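The values are calculated or read from the model by the stated rules, or taken from the named source; none is laboratory data. Because the structure is a prediction, the values reported are computed rather than measured. Backbone-built Cβ (ideal geometry, glycine too); neighbour counts: all protein chains shown.
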Amino acid sequence: MANSYLCSFNELFHLNNENDEIEIKQVAIPIIQRDYAQGRKNDEVKRIRDRFLSSLLSAVNSEGICLDFIYGDIDNKGKLTPLDGQQRLTTLFLLYWYSAKRSGIISTEYDFLSNFTYETRYSSRDFCHELIKFNPDFNIEIVLSEQIINQSWFPLDWKNDPTISSMLVMIDEIDKHFKTINDLWNKLTVEKKIKFYFLPIKNMGLTDELYIKMNSRGKPLTPFEHFKAEFERQIESIDKEKAKIIENKIDLNWTDFLWNFRNNDGLTDTLFLNYFKYICDVICYEEKHSPQNRSYDDFDLINEYFGENNPNRKQHLEFFEKAFDCWSQFGDNVKANLFDKFISTKSEDNKAKLVNVTNTDLLRDCLENFYDKYSERRSRSFTFAKFILLYAFIQYALNKANISDEQMSERIRIINNLISNSNDEMNDSENRVGGNRLPSILEQTKSIIVNGVILDNISINYNSTQLDEENKKLAWRETHVNQISSLNKLEDHDLLNGQISVVGLENDGLFDRFTELFRCDKDKISCALLTFGDYSRVEKGWRYSFGINDSQSWRMIFHQSSAARFDDTKRCLVQLLSSSQTFDNTVLDNTINAFITNCESNSLYEWRYYFIKYPIFRPNRFGKYWIKAESKYCMYALWTQQKVSENAFQPYLKEIDATHLDSEKYGQRLVINGQYIYCEKDRFVLKDKDDNEIKALVINQNADNVDTEDRIAKYLANPLV
């Protein structure tokens with residue numbers, strides 16, 4: 001077998017070993033080879049080119065680099081036909097040419113460059129010949145490629161030669177990278193900073209058929225093959241034995257596993273790279289960082305987390321391997337054998353009901369959708385909720401032997417409850433209040449899944465209110481084993497989504513009644529709740545929220561948040577739930593009618609009476625109201641979710657005369673014949689256009705400023721206009 005030679009590009013032309021009878025007089029890229037590709041202008045090649053030239057630049061400024069093996073056939077006349085290494089050899093040819101010309105080296109020292117040629121096209125061959133003779137001007141601002149194109153020996157049709165056009169691009173890129181290196185020629189030829197192993201293949205019967213088999217007719221490597229080569233090179237520097245194992249798994253075990261997830265193209269490359277990016281994001285968070293301003297380029301990720309500058313790269317490699325291996329224990333159908341066993345999109349026994357996640361197949365979702373190639377960021381469709389849930393299942397898979405099915409059912413429910421009630425907290429921006437919470441959220445998630453423990457000694461993570469509730473539930477479940485199913489059903493309710501504080505663990509006898517109550521008409525529920533008091537929540541000190549037919553309004557009211565009066569809401573709800581053993585619309589009607597009758601019998605008409613009796617007070621919009629501080633008789637129903645608009649209205653006025661509401665004043669008055677009618681805390685007032693009072697209809701009130709007569713009925717009997 002022939003020996004290999006460690007040499008620089010210039011040494012390649014001076015090999016002369018008598019034992020091996022090696023003498024290279026010419027390097028010729030054969031007709032069967034593909035065109036020079038490292039100068040192509042597409043994004044993928046540009047990225048590879050930039051990385052390659054940056055590596056070469058770093059090498060000439062440091063201890064150097066070895067470009068692995070280049071091998072080929074040497075015929076009896078000393079012509080080397082490369083089997084592998086055409087791209088590297090061409091780039092080195094251009095780099096040596098550039099350094100010779102820039103350093104003003106005499107031609108006798110670089111005449112070996114004349115022995116490098118292309119046989120693919122006459123134009124490529126002639127271009128290399130003319131280029132060696134050409135001396136560019138490095139003192140003008142015209143880029144080198146333009147100087148070359150402007151030469152009389154450069155026919156315009158040469159621009160159509162893909163090898164020549166690529167060489168021109170590469171020459172300009174070499175200039176950009178190396179223009180500040182003054183002794184480049186010396187570093188290349190004397191210090192020999194860039195080397196490679198040359199393996200000559202002689203007397204092997206190099207036929208076209210063999211050449212094609214070995215070279216695949218120059219078929220370019222796919223992005224995944226480039227990735228795999230770089231990843232394997234990097235991890236070999238961490239642990240050679242482990243690298244061999246992982247390389248084998250990438251080619252066999254993991255590809256076989258991913259085969260079950262492949263799409264119509266039949267490829268698994270994108271699936272692998274998406275999951276690789278996911279794992280890198282996990283590593284990023286575990287290192288207490290955020291990927292927001294970090295590159296998602298595959299090669300950048302390799303360097304970031306598996307490169308020599310990362311002190312934890314060995315641990316990262318171990319996690320990477322485990323995060324792939326862990327799925328094999330669930331067979332060919334991970335969805336059925338794992339995810340569907342513990343989570344669902346509907347309420348089921350012993351399963352956590354997902355919120356805002358419509359597909360339980362979290363792994364497939366990640367493999368297919370994690371990365372958005374257009375934004376070059378994590379896809380928005382793969383939300384933080386999905387990210388954290390998948391991480392939770394990875395932790396379970398890694399520790400499955402120590403976690404029973406019953407424990408996992410409870411723990412993934414806790415995680416799901418925390419996720420469902422931490423929308424504001426699930427963020428990895430360093431600029432938001434609380435900063436990047438994902439590192440602590442993942443730490444908390446791991447503790448809950450692996451140990452069943454909610455940590456209280458880590459920085460802010462999930463919603464603190466929900467963490468407190470989940471801690472109390474853990475203790476409650478230990479002493480209420482027979483009622484766990486009822487608690488789970490209550491958590492699964494669409495209006496609660498895991499947060500049950502509005503009912504309270506202390507009211508476990510009411511769990512099932514809540515579900516029964518909210519099978520009833522929601523407008524009737526709202527009215528029935530009001531009979532027990534003002535259950536509304538108050539946002540920003542002025543905007544009141546009541547429940548309507550829309551579920552979102554009830555979720556806002558029933559969940560603890562910055563909105564005030566949660567305790568009042570809970571008190572009213574518990575009293576309503578305690579008022580009857582069963583609930584249907586008839587029960588609610590009886591409650592409502594009894595309240596109205598009681599108000600009328602006692603001649604006490606507080607604002608709740610009007611709200612309940614007159615449907616006009618309850619437009620089925622967003623359940624939002626502006627109520628002035630001086631009196632709740634000064635109430636305005638909003639038409640939008642957050643502000644007063646032209647369709648807002650004073651319900652007392654709309655009930656007495658819906659046709660004359662003044663939309664220009666947001667429904668706060670009636671306008672009739674140029675005069676205005678207002679509803680104030682104890683009267684209706686008629687005013688002129690200058691705001692002068694013309695007359696008023698006074699409403700009798702008691703010492704507590706509660707109407708003692710129905711103001712609406714009184715006005716209709718005594719209109720001001």
Query - Flag for residue 697 being in contact with a Leu (Cβ under 8 Å, 6 or more places away or on another chain), outside any helix (DSSP H, G or I) and surrounded by 13 or more Cβ atoms within 10 Å (Cβ to Cβ) - result: yes
Query raised in the report: Limited to region 504-533, what total is found for residues that are touching a residue at least 40 places away in the same chain (Cβ under 8 Å) and more than 15 Å from residue 624 (Cβ to Cβ)?
Result: 20
Report summary line: Within region 336-363, residues part of a helix (DSSP H, G or I) and surrounded by fewer than 17 Cβ atoms within 10 Å (Cβ to Cβ) come out as 336, 337, 340
Query raised in the report: In the list 501, 579, 551, 486, which residue meets the criterion of being modelled with pLDDT under 95, farther than 20 Å from residue 607 by Cβ and hydroxyl-bearing (Ser, Thr, Tyr)?
Result: 551
Requested in this report: Please work out if residue 442 is within 19 Å of residue 497 (Cβ to Cβ), at pLDDT 95 or above and either not in a loop (DSSP other than H, G, I, E, B) or not hydrophobic (A, V, I, L, M, F, W, C) (or both).
Outcome: no
**Report entry** Failed item, numbered, when residue 290 is tested on (1) exposed (fewer than 14 other Cβ atoms within 10 Å of the Cβ); (2) under 19 Å from the mean Cα position of the chain (by Cα); (3) of a type outside the set (Val, Ile, Thr)
**Finding:** (1)
Query raised in the report: Going through region 60-98 one residue at a time, which ones are out of contact with any Phe, Trp or Tyr (no Cβ under 6 Å at 6 or more places or on another chain), modelled with pLDDT of 90 or more and of a type in the set (A, V, I, L, M)?
Result: 60, 89, 94, 95
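Per-residue answers, yes or no, for (1) surrounded by fewer than 14 Cβ atoms within 10 Å (Cβ to Cβ); (2) of a type outside the set (S, T, N, Q); (3) in the same structural domain as residue 294 (by TED's automatic domain parsing):
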residue	(1), (2), (3)
422	no, no, yes
428	no, yes, yes
437	no, yes, yes
442	no, yes, yes
445	no, no, yes
449	no, yes, yes
481	yes, yes, no
484	no, yes, no
Requested in this report: Within region 308-326, track down each residue that is assigned to a loop (DSSP other than H, G, I, E, B) and not acidic (Asp, Glu).
Outcome: 309, 310, 311, 312
Query - Residues (more than 42 Å from the chain's Cα centre (by Cα) and not aromatic (Phe, Trp, Tyr)) located in region 165-192 - result: 182, 183, 184, 186, 187, 188, 189, 190, 191, 192
Query raised in the report: Failed condition for residue 637, given (1) touching a residue at least 40 places away in the same chain (Cβ under 8 Å); (2) touching a helix residue (DSSP H, G or I) at 6+ places or on another chain (Cβ under 7 Å); (3) of a type in the set (A, V, I, L, M, F, W, C); (4) under 30 Å from residue 590 (Cβ atoms), with all others met?
Result: (1)
Query - Residues located in region 377-417, provided they are under 19 Å from residue 335 (Cβ atoms) and among the aromatic types (Phe, Trp, Tyr) - result: 382, 387, 391, 393, 396
Report task. Would you check if residue 473 is of a type in the set (Lys, Arg), buried (at least 19 other Cβ atoms within 10 Å of the Cβ), outside any loop (DSSP other than H, G, I, E, B) and not assigned by TED's automatic domain parsing to the domain that holds residue 254? Result -> yes
**Report entry** Those residues of region 610-645 which are more than 25 Å from residue 552 (Cα to Cα) and either in contact with a Phe, Trp or Tyr (Cβ under 7 Å, 6 or more places away or on another chain) or part of a helix (DSSP H, G or I) (or both), in sequence order
**Finding:** 633
Query raised in the report: Taking region 669-694 as the search range and keeping residues that are part of a loop (DSSP other than H, G, I, E, B) and among the polar types (S, T, N, Q), which one is nearest to residue 604 (Cα to Cα)?
Result: 692
Query - Residues of region 347-381 satisfying the condition of being at pLDDT below 95 and under 20 Å from residue 488 (Cα atoms) - result: 347, 348, 349, 350, 355, 356, 357, 358
